[in-house]
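Okay, so here's the structure we're looking at.
The values are calculated or read from the model by the stated rules, or taken from the named source; none is laboratory data. The shown structure was predicted, so the numbers you read here are calculated from the model rather than taken from an experiment. Positions of Cβ are generated from backbone atoms using ideal geometry, with glycine treated the same way; all protein chains shown enter the neighbour counts.
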Amino acid sequence: MLAKVYVITGSHACRTATLMLEHKGIPYRRIELPTGLHPLLVRACGFAGHRKPIRTVDGATHRRLLTKSKWMRAPLSRGAGQSFRANSHNEDALLRAIPPMLDKVDAWIGEGVLCGGELNVADFTIAPSLALLAYRRDLNEQLSRRPAGALVDRLLPDPTSS
């Protein structure tokens, strides 16, 4: 039976799920839901909610797709989850936080935790989030010079480059 993946176009979480299915060679049918209406539509499809990854494989609904490793459960740095209003001051603060985060990703790559010989759930989770940064030209230039950029290129190669 073909797996069904309900996605919101542009969602890095949804891209994580499809990358893992592709990596495992599991064929799937992509069902796109429009952003904004997706909470109602997933309920109309028979699911209880929309906050956790939900996948149907072989007729069974799987609410937990990822088993998080111990290091992925580590507390985030202070300020994470903070809400920011759009203005130049807050944008500057966010942009200053990105290089240290990329340093951490680069260190994990250097340690072999990410982008190793065998890809793992962390690779598939982090690469789509990094790819979102690449939409900004200034961040794309930073990212492309780093090992973190190589992770993005490995999992999400530029479709226009072939």
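Before we move on, is Arg51 over 19 Å from the mean Cα position of the chain (by Cα) and either under 30 Å from Arg136 (Cα atoms) or at pLDDT below 80 (or both)? So that I can check it myself, show each step before the final result.
Values: over 19 Å from the mean Cα position of the chain (by Cα): no; either under 30 Å from Arg136 (Cα atoms) or at pLDDT below 80 (or both): yes.
In short, no.
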Mind checking which residues of region 1-11 are over 18 Å from the mean Cα position of the chain (by Cα) and under 24 Å from Leu130 (Cα atoms)?
none
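Considering only residues that are under 23 Å from Ala134 (Cβ atoms) and in contact with a Ser or Thr (Cβ under 8 Å, 6 or more places away or on another chain), look in region 12-50 and name the one that is surrounded by the fewest Cβ atoms within 10 Å (Cβ to Cβ).
So in region 12-50, the residues under 23 Å from Ala134 (Cβ atoms) come out as 12-23, 30, 32, 35.
Filter once more, keeping what is in contact with a Ser or Thr (Cβ under 8 Å, 6 or more places away or on another chain): 12, 16, 30, 32, 35.
Numbers: His12: 14, Thr16: 22, Arg30: 13, Glu32: 12, Thr35: 10.
If we take residues in region 12-50 being under 23 Å from Ala134 (Cβ atoms) and in contact with a Ser or Thr (Cβ under 8 Å, 6 or more places away or on another chain), then Thr35 is surrounded by the fewest Cβ atoms within 10 Å (Cβ to Cβ).
Taking region 124-148 on its own, how many of its residues are among the acidic types (Asp, Glu) and at pLDDT 95 or above?
Keep residues of region 124-148 that are among the acidic types (Asp, Glu), which gives 138, 141.
Still in the list and also at pLDDT 95 or above: none.
The total comes to 0.
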